[in-house]
1. Among the numbered conditions (1) surrounded by 12 or more Cβ atoms within 10 Å (Cβ to Cβ); (2) over 28 Å from GLN246 (Cα atoms); (3) among the hydroxyl-bearing types (Ser, Thr, Tyr), tell me where THR126 comes up short.
2. Please give the number of the condition GLY274 fails out of (1) in a helix (DSSP H, G or I); (2) surrounded by fewer than 19 Cβ atoms within 10 Å (Cβ to Cβ).
3. So, in region 143-164, exactly how many residues are open to solvent by less than 70 Å² (accessible area, probe 1.4 Å) and assigned to a helix (DSSP H, G or I)?
4. Yes or no: LEU48 at pLDDT 50 or above, open to solvent by 60 Å² or more (accessible area, probe 1.4 Å), aliphatic (A, V, I, L, M) and under 24 Å from LEU284 (Cα atoms)?
5. List every residue pair whose Cβ atoms lie under 9 Å apart, where the two residues are 6 or more positions apart in sequence or sit on different chains, the first residue falls within region 48-74 and is within 15 Å of ILE300 (Cβ to Cβ), and the second residue, located anywhere, is loosely packed, with under 14 Cβ neighbours inside 10 Å.
6. Test ARG138 against the stated conditions and say whether it is charged (D, E, K, R), over 19 Å from THR198 (Cβ atoms) and surrounded by 14 or more Cβ atoms within 10 Å (Cβ to Cβ).
7. Out of the residues in region 65-80 that are in a helix (DSSP H, G or I) and over 23 Å from the mean Cα position of the chain (by Cα), state the one that is nearest to THR279 (Cα to Cα).
8. Sort through ALA201, ALA192 and tell me the only one that's in contact with a Pro (Cβ under 6 Å, 6 or more places away or on another chain), over 19 Å from PHE236 (Cβ atoms), surrounded by 17 or more Cβ atoms within 10 Å (Cβ to Cβ) and among the hydrophobic types (A, V, I, L, M, F, W, C).
Amino acid sequence: MSTVRESRTRGAAAGHTGAAAGRPGRPSGSRTTAPYRRRRRWLGLVYLSPALLIYAFVVLLPAGQGVRLSFVHWDGVTAATNAGFSNYTGFLHDPTLRRAVAHTLFFIAFFSLLPILLGMASAALTARKEVRGAAVYRWVLFLPQVLTPAVAAVVWKRIYAPDGPIDSVLRAVGLGSLARGWLGDYTWALPALGLAGTWAAYGLCMVLFAAGIQNIPSELYDAARMDGAGALREFFTVTLPGLRGQLAVVLTLTMLGAIRVFDIVWLTTKGGPGTSTITPTVVLYQRAFANPDVGAACAIGVVLAVVSLVVSLVVVKISEGDD
C-alpha cells in the first residue's frame, strides 16, 4: 500500500514540475500547432489573392475614382475644377433631386412593403394546405422574375396605353371618362409604375415565404392549436416569427430595388411627364450622359451606395438582434 502511495506522490510531483517548467494550462502540442495555423492562414490568403485582386480592380478602384470625382466639376472633356461638397449639397438645394428622393420613398411602399404583405398573406394561406394547382399558381406569379426589365417595360407600356386593355375594359363597362394614357398623366404615372413594381416583386416574396413556412416544424402549429389559437393568432405566434430570416432577405432585396430603380422608369416614362416619375438613378444618368456633369453624377452614385449599405446593415442587424 505504501508503495502505491509513493508512486502516486512521485507522479504528481513530476506533473507539477512539468507544468511549472513553462506550460501552465496549455496542451503540450500548442507550440507546434500555432505555426501550422499561421501557415494555413497565409496559405488561404494566397489562394484568395487572385479573386481579391480582380475584385479590387473591378469594384474598389472604380468606387474610389467615383468618390474622387464626386468632389470636382467635370464635363468629361475639359479640365476638372474643385467643387468641394457642392455636389453633395445639391440633394438639399436641387428641387429635381429632392423630388426624386421623395419618389424613392413612394416606390419603397410599392416595391417593398406591398409585395411583402401580399406575398406573406398568399404564402400563409396556401403553403400549409393542399391547394390544387398551387405549383402552377406560384410559377405564374414568379414569372416576372424571369422576364428581363425591357420585356416587362414593353408589357406595361402596352397595358397602360390609351388603347390598351385597362382603358378598353373601362370603356366596355361605361367608365370611359376614366380612361386615359396612364403613363402620360401627371397624377397617375407614378402609381402606375408602382403597381408594375409590385407585380414584379410579389412573386419572389411569395415563393421565399412559402419555402420558409414549409420549414417551420408542424409541432409548433399543433401546440398553438392545443392552446386554443385561431388562424390569426397562429400566424402571429408561429408563422411570422418563423419567417424572420426570409423577411430580412426579402426586405433587403426589395428595398434596394426600390432605391436603385432605373430600368422600368427609363424604358417607360424616362422620368416624365415632367419630373413626375423621376428617380435618383434617372437623375444620375441624365447628369452623367445627357448634360454631362460627371462630378454631380458621381455624388448621386456615392450617396445611393451609402444609403443602400446602411439599409442592408440595419435590416441584418435587426434580424440578428431578434435572434
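1. Failed condition: (2).
2. Going through the list (1) in a helix (DSSP H, G or I); (2) surrounded by fewer than 19 Cβ atoms within 10 Å (Cβ to Cβ), GLY274 breaks only (1).
3. 10
4. Numbers: at pLDDT 50 or above: yes; open to solvent by 60 Å² or more (accessible area, probe 1.4 Å): yes; aliphatic (A, V, I, L, M): yes; under 24 Å from LEU284 (Cα atoms): no.
Considered against the rule, which asks whether it is at pLDDT 50 or above, open to solvent by 60 Å² or more (accessible area, probe 1.4 Å), aliphatic (A, V, I, L, M) and under 24 Å from LEU284 (Cα atoms), LEU48 comes out as no.
5. Final answer for the pair search is PHE71/ASN82; PHE71/GLY84; PHE71/PHE85; VAL72/THR81; VAL72/ASN82; HIS73/THR81; HIS73/ASN82; TRP74/THR81.
6. No; evaluated as a whole, the condition is false for this residue.
7. Start the filter on region 65-80 by keeping residues that are in a helix (DSSP H, G or I), which leaves 65-69.
Adding the requirement that they be over 23 Å from the mean Cα position of the chain (by Cα) leaves 65, 68-69.
Values: GLN65: 24, ARG68: 23, LEU69: 21 Å.
Looking at the filtered set, the residue picked out is LEU69.
8. None of the others qualify; the one that does is ALA201.
The values are calculated or read from the model by the stated rules, or taken from the named source; none is laboratory data. On a predicted model such as this, the values are computed, not experimentally measured, just so you know. Here Cβ is always computed from backbone atoms with ideal geometry, including for glycine, and neighbour counts include all displayed protein chains. For the accessible areas, the whole protein counts, side chains as well, though only heavy atoms, and no ligand, DNA or RNA atoms are used. Shrake-Rupley method; radii C 1.70, N 1.55, O 1.52, S 1.80 Å.
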